[in-house]
1. Using amide H atoms built 1.01 Å from N in the peptide plane, name the residues 5+ places from A48, or on other chains, whose amide H lies under 5 Å from its own.
2. Extension gain A74-D225, at 0.36 nm per residue separation less the Cα-Cα distance, in nm?
3. Taking the convex hull of the alpha carbon atoms in the chain, what volume per residue do you get, in Å³?
4. Students often get this wrong: which residues of the stretch 19-60 have the backbone nitrogen under 18 Å from the point 7 angstrom along Cα-to-C-beta of R122?
5. I'd like the distance separating the alpha-carbon centroids of the stretch 91-141 and the stretch 225-283, in whole Å.
6. Could you tell me the center-to-center distance, by alpha carbons, between the stretch 170-210 and the stretch 30-64 in angstrom?
7. Give me I168, I219 sorted ascending by neighbouring Cβ count inside 10 Å, so fewest comes first.
8. Output wanted: per-residue J couplings in Hz (rounded whole) for the stretch 237-253, from phi through Karplus 6.51 cos²θ - 1.76 cosθ + 1.60, θ = phi - 60°, x for Gly and Pro.
Amino acid sequence: RELIDALHQGDPTGARKGPVGSERMILLAELREALLVEDQLVLAMQPAVELSTGAPIGAEALVRWHHPSRGLLAPDAFIEVVEHSDLVGPFSRYILDLALRIVSDWARGGLIMPVAVNLSARNLLEPELPQMVAAALARYGVPADRLVLEITETVMMDESPVIEEVLIGLRALGVRIAVDDFGTGYSSLTLLTRFQVDEVKVDRAFVSQMGHSPEAMAIVKTTVDLGRALGLRVVAEGVETAEQRATLIGMGCTAAQGYHFSPPLFPDKANAALVGLARAAEM
Ligand code: C2E
Ligand code: MG
Ligand code: MG
Ligand code: MG
């Protein structure tokens, strides 16, 4: 089972990343606690932009953990532990609440901006997910079309009929679905047509290698073309340079995210950055 999980995560050695044994147990106990108190799990928000103008089109919620003794932790330090535990459901619910609270605050302050929330593969095996999402949207008064849920390719490889039902249910609400880290899994292009999705995010690994690797270049170009043919928005992740931006525009890619535009920022700063990007695009 562990090996299968590891393989599904694209780790051919079968070795798990992150902490082991008793360290995992401690982390899990601390995470359980973090879900019960305020302000330990927080979100950094990274703007996504229209490539040609730089105008913001949304923001992605990226979790950070103010750990009581270890300082600020990035998701790499704990997400994998969450995903192999019974916290996977409660954790995603908690993150969704945080994200929707932020967008509803922004809207009250005059900034209407969609938010993208990362889901774990196992969340999609939960038949109640659409209901849960609908309830959260209602709780914060956020319209469904202001929420994007990011899933990974591995989700789409699962044979479970539940996943298809859940995705249909989510889209019926008006929520948009994005495929994250596209190109890194074992997915085939046909999976994109089998499941109705709205957006594809090209993994940062390919974007960063475009200048050095013809293969990476070809993968990005193919994804952009495919997305266009299927009527999907293609978002290039991890854009760090003006050169990458120009290359992507040349390929016909329309949207991006990355340090070149803005790093992930805590909500107030992200709000200011989004407003700044919108102003700059108008000039
Ligand atoms: P992701 O969803 O693919 O998010 C993009 C990651 O790339 C983020 O790392 C972001 O900070 C980083 N990034 C953005 N622009 C650039 C750039 O220009 N250059 C470089 N080098 N990196 C850039 P982060 O925040 O450490 O998150 C890592 C992963 O953890 C995310 O990858 C996502 O898969 C997962 N994650 C984050 N938040 C959540 C969450 O709330 N729930 C779940 N299930 N997973 C999450
Ligand atoms: Mg993501
Ligand atoms: Mg990801
Ligand atoms: Mg990604």
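Just so you know, all these numbers are worked out from the coordinates, no wet-lab data involved. The shown structure was predicted, so the numbers you read here are calculated from the model rather than taken from an experiment. Ideal geometry is used to build each Cβ from the backbone, glycine not excepted, and the neighbour counts take in all protein chains shown.
1. I57, G58, A59, E60
2. On the way: separation 151, 0.36 × 151 = 54.36 nm, distance 3.29 nm.
Gain on stretching A74 to D225: 51.1 nm.
3. 136
4. The answer is 19-36, whose backbone nitrogens lie closer than 18 Å to the label point.
5. 22
6. Using only Cα atoms, the two centres lie 19 Å from each other.
7. On the way: I168 12, I219 20.
Ordered by Cβ neighbours within 10 Å, fewest first: I168, I219.
8. 3J(HN,Hα) across the stretch 237-253, in whole Hz: 8, x, 6, 10, 10, 5, 5, 4, 4, 5, 4, 5, 4, x, 7, x, 6.
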